[in-house]
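Remarks on the structure that follows.
The values are calculated or read from the model by the stated rules, or taken from the named source; none is laboratory data. Keep in mind that what you see is a predicted model, and the values were worked out from it rather than measured. No Cβ is skipped: glycine too gets one built from the backbone with ideal geometry, and neighbour counts run over all protein chains shown.
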Amino acid sequence: MPLPAVAVSQSPEDKFREFLASRPKPQRFTDQQRELVQHVFERHSHFDAEQLIENLKAAKKRVSRATVYRTLAKLVEAGLLRRIELGTRTVYDHDYGYPAHDHLVCAECNSMTEFQSAELEALLEKVAGAYQFRATGHTLVVSGLCAACAAQRAPKRRMVM
């Protein structure tokens, strides 16, 4: 079940432009960055940098590899994207305009399923409170097998005649 988008006061493009302008040494918002931000926020999907580069090429958008890597880091710093480490692979997820959520990741097919849990949020608040810890966020990735991959691994039963 896809997560619902949440209302935000600015478009991702405007929020990123504001972030760049408010840095200690203000930076300009380039045409390549605009292409990249628009492409990333046109759809809600998890992706890694190489997938993004390939998708941009397929969409005939001219964004250099260096710009992709630098801009992804800035989008994370700006709070627009979240970086999720999956072993040696780093994937990105929308953090702006979507509710807090966590992920189930299949170790076989690499599918990612987003979920929300009020019970989990309450437990994390309780744990943080017990340690007088002020949590500002979390990333939870649960590894395992999705239903389709688990079914493929299940032993096949032979019919007895």
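Scanning the range 1-32 for residues that are without any contact (Cβ under 8 Å) to a residue 40 or more places away in the chain and part of a helix (DSSP H, G or I) returns GLU13, ASP14, ARG17, GLU18, ALA21, ASP31, GLN32. In the range 47-93, the qualifying residues are those that are over 17 Å from GLN33 (Cβ atoms) and hydroxyl-bearing (Ser, Thr, Tyr), and the one that is surrounded by the fewest Cβ atoms within 10 Å (Cβ to Cβ) is THR88. As for the range 47-62, it holds no residue that is under 17 Å from the mean Cα position of the chain (by Cα), under 30 Å from ALA7 (Cβ atoms) and outside the structural domain of ALA5 (by TED's automatic domain parsing).
All told, LEU104 meets the bar of being touching a Phe, Trp or Tyr at 6+ places or on another chain (Cβ under 8 Å) and outside the structural domain of GLU13 (by TED's automatic domain parsing).
Mind checking which residues of the range 94-141 are of a type in the set (A, V, I, L, M) and more than 24 Å from PRO4 (Cβ to Cβ)?
Within the range 94-141, ALA107, VAL127, ALA128, ALA130 qualify.
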